[in-house]
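Q: Before I ask anything, let me first share the structure, which is written out below as structure tokens.
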Amino acid sequence: MVQTSETVPGSLRVSGLCKSYGGRPALEDVSFSIHPGEVLGLIGPNGAGKTTLFECLGGVMPADAGVLLRDGHVMGARERQALLFYMPDAIAPWPAQSLGWALDFTLRFFAGRAELRDEVVRSLALGPLLSAPIGTLSKGERKRALLAIGLLTPQPILLVDEPFDGLDLRQSRELAATLRSHAVRGRTLVLSIHQIAEAARLCDRFVLLNSGRVCAEGTLADLEAQAAAPHAAGDLEEVFLALT
């Protein structure tokens, strides 16, 4: 049975989310569920609306329509802030400050997960970079630094835009193992990913987004059944192409 927000206690339901820019729709009636403790992959090509969706959920910008529900209750802005933390892609916060300073500031300002600091630094290989100003980090180093900041925040649901962008193959696989370890301990991760192979290895369920619309939602087995394409069995890339 495909689990819905009604069959998984504590799940969130994004319902009817819409956003337009200058009359041009970026998101159209987007609806899907987020289950506690899962790794949910938001899959779609560049321009599909993934970042816009995260910005609306994270409170960076207002949606034109739609609600976020928890156990049937419409969540307000403060409830969202306590539940969701959004980590954007390609930013360099506090560029003149060291990475170590940024991690410690995150822990103090957000009342973050101090007990995980050393583990996060070690798992993301950030030890040699702690004294480096964030503005001097390479693209891949900055990506790992941003992920460390996100993993230290206290909110139970972490939204991460393009977590594997800028990482090589070894770094991507090590990051996937790190993210899975946090999910196993109960952190809910929603990852916007355009590298479908990475998503297939890591995610428990998927939301397929194309041209601002949700094309399908579910586990790989659920999506295979919806695709009804024998050649797509076990291949998320082929399933995505069949459903979008």
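The values are calculated or read from the model by the stated rules, or taken from the named source; none is laboratory data. Quick caveat, the model's predicted, so the values are computed rather than measured. Glycine also receives a Cβ, built like all others from the backbone with ideal geometry; neighbour counts cover every protein chain displayed.
Q: Among the candidates Asp89, Asp104, single out the residue that is touching a strand residue (DSSP E or B) at 6+ places or on another chain (Cβ under 8 Å) and either assigned to a loop (DSSP other than H, G, I, E, B) or surrounded by 14 or more Cβ atoms within 10 Å (Cβ to Cβ) (or both). Before you say what the answer is, go through the steps one by one.
A: On the way: Asp104 fails: touching a strand residue (DSSP E or B) at 6+ places or on another chain (Cβ under 8 Å).
Residue meeting the stated conditions: Asp89.
Q: Does Leu40 fit the bill of being touching a Lys or Arg at 6+ places or on another chain (Cβ under 8 Å), at pLDDT 95 or above and surrounded by 13 or more Cβ atoms within 10 Å (Cβ to Cβ)?
A: Judged against the criteria, Leu40 is a match.
Q: Further question on the same structure: Would you check if Pro163 is of a type outside the set (D, E, K, R), closer than 20 Å to Ile34 by Cβ, crowded, with 19+ Cβ neighbours inside 10 Å and within 21 Å of the chain's Cα centre (by Cα)?
A: So Pro163 fits the description; yes.
Q: Just a yes or no: is a residue in the stretch 186-195 over 26 Å from Pro25 (Cβ atoms), modelled with pLDDT under 90 and charged (D, E, K, R)?
A: No, the stretch 186-195 has no match at all.
Q: Looking only at the stretch 48-74, which residues are assigned to a loop (DSSP other than H, G, I, E, B) and buried (at least 16 other Cβ atoms within 10 Å of the Cβ)?
A: If the condition is that a residue be assigned to a loop (DSSP other than H, G, I, E, B) and buried (at least 16 other Cβ atoms within 10 Å of the Cβ), then Ala48, Gly49, Gly58, Ala63 are the ones that fit.
Q: Further question: Out of curiosity, is Val239 among the β-branched types (Val, Ile, Thr), more than 19 Å from the chain's Cα centre (by Cα) and within 29 Å of Glu174 (Cβ to Cβ)?
A: Considered against the rule, which asks whether it is among the β-branched types (Val, Ile, Thr), more than 19 Å from the chain's Cα centre (by Cα) and within 29 Å of Glu174 (Cβ to Cβ), Val239 comes out as yes.
Q: Identify, please: which residue in the stretch 116-142 is modelled with pLDDT of 95 or more and touching a Gly at 6+ places or on another chain (Cβ under 6 Å) and is, among those, farthest from Glu38 (Cα to Cα)?
A: Leu130
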